[in-house]
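The values are calculated or read from the model by the stated rules, or taken from the named source; none is laboratory data. Note that the structure is predicted; figures quoted are calculated from it, not measured. Neighbour counts run over all protein chains shown; Cβ positions are idealised from the backbone, glycine included. These area figures cover heavy atoms from the full protein model, side chains too; ligands, DNA and RNA do not enter into them. Shrake-Rupley method; radii C 1.70, N 1.55, O 1.52, S 1.80 Å.
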Amino acid sequence: AQTVTQSQPEMSVQEAETVTLSCTYDTSESDYYLFWYKQPPSRQMILVIRQEAYKQQNATENRFSVNFQKAAKSFSLKISDSQLGDAAMYFCAYRSEYNQGGKLIFGQGTELSVKP
Amino acid sequence: EPEVTQTPSHQVTQMGQEVILRCVPISNHLYFYWYRQILGQKVEFLVSFYNNEISEKSEIFDDQFSVERPDGSNFTLKIRSTKLEDSAMYFCASSLQGSGGPLLDEQFFGPGTRLTVL
């Protein structure tokens, strides 16, 4: 069975600085998707960025980028130029390519605080 | 922008009672999901639903749980006889497809219903 682990329960960053959130996963599959979701306080979880395992190039979305290391089964999220609005719980998630039903497997979450 | 909505935001019930959690997915979406998060623990998959059938369910989703799409807009999760350990935040999500790439299979989440079983 696949598992996702986020070893940093809490992280803190100064506004305008860069922070990296870590995520590791375990799978025997070769084709899968990885995601980072953001959950602001009392609001919906929203997708921040996704990575297809077959793509070697790391995904980027504006200030958000990932460092995908397939062999190491590592998928970290880098947030550049951190803003106050980035404060949230961040979840790493895995989805199998072979699962047509769309089941997401989540990590424990990392709570990011941004200091002005 | 379309959103997934959930009602109620907080439900308190007595152990052994039945509860129904309601969700309104995004209107043109075809896949529906329930996840739950016990306080301090991971978000866990419960069930996925497509074409009026369960596509996949987890080991958590036992006979006490059921899902239904009673009309064209609502998607419900019923817990027949609640237990203390059912206390959790329950999230509904929907997607256009179950797989297929960006935009097609992105899951949109609702704000959650906090279920407290006393």
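Could you please find all residues in segment B:40-49 being over 15 Å from B:Ile79 (Cα atoms), in a strand (DSSP E or B) and more than 7 Å from chain A (Cβ to nearest Cβ)?
Passing the criteria: B:Glu44, B:Phe49.
Restricting to segment B:50-70, name every residue that is outside any loop (DSSP other than H, G, I, E, B) and either of a type in the set (Ser, Thr, Tyr) or open to solvent by less than 10 Å² (accessible area, probe 1.4 Å) (or both).
Answer for segment B:50-70, where residues must be outside any loop (DSSP other than H, G, I, E, B) and either of a type in the set (Ser, Thr, Tyr) or open to solvent by less than 10 Å² (accessible area, probe 1.4 Å) (or both): B:Tyr50, B:Ser55, B:Ser66.
Can you tell me which of (1) assigned to a loop (DSSP other than H, G, I, E, B); (2) small (Gly, Ala, Ser); (3) open to solvent by 50 Å² or more (accessible area, probe 1.4 Å); (4) within 12 Å of another protein chain (Cβ to nearest Cβ) is the one B:Ser27 doesn't meet?
(4)
Out of everything in segment B:96-116 that is more than 7 Å from chain A (Cβ to nearest Cβ) and crowded, with 19+ Cβ neighbours inside 10 Å, what residue ends up being farthest from B:Glu85 (Cα to Cα)?
Per the stated criteria, the residue is B:Phe108.
For segment B:75-87, state whether one or more residues are more than 8 Å from every other protein chain (Cβ to nearest Cβ), among the hydrophobic types (A, V, I, L, M, F, W, C), farther than 13 Å from B:Thr5 by Cβ and touching a helix residue (DSSP H, G or I) at 6+ places or on another chain (Cβ under 8 Å).
Taking every residue of segment B:75-87 in turn, at least one turns out to be more than 8 Å from every other protein chain (Cβ to nearest Cβ), among the hydrophobic types (A, V, I, L, M, F, W, C), farther than 13 Å from B:Thr5 by Cβ and touching a helix residue (DSSP H, G or I) at 6+ places or on another chain (Cβ under 8 Å).
Restricting to segment A:1-16, name every residue that is within 20 Å of A:Ala59 (Cα to Cα) and either outside any strand (DSSP E or B) or small (Gly, Ala, Ser) (or both).
Scanning segment A:1-16 gives a single hit, A:Gln6.
Every residue in segment B:4-23 that is in a loop (DSSP other than H, G, I, E, B) and either among the polar types (S, T, N, Q) or loosely packed, with under 14 Cβ neighbours inside 10 Å (or both), please.
B:Pro8, B:Ser9, B:Gln14, B:Met15, B:Gly16, B:Gln17, B:Glu18
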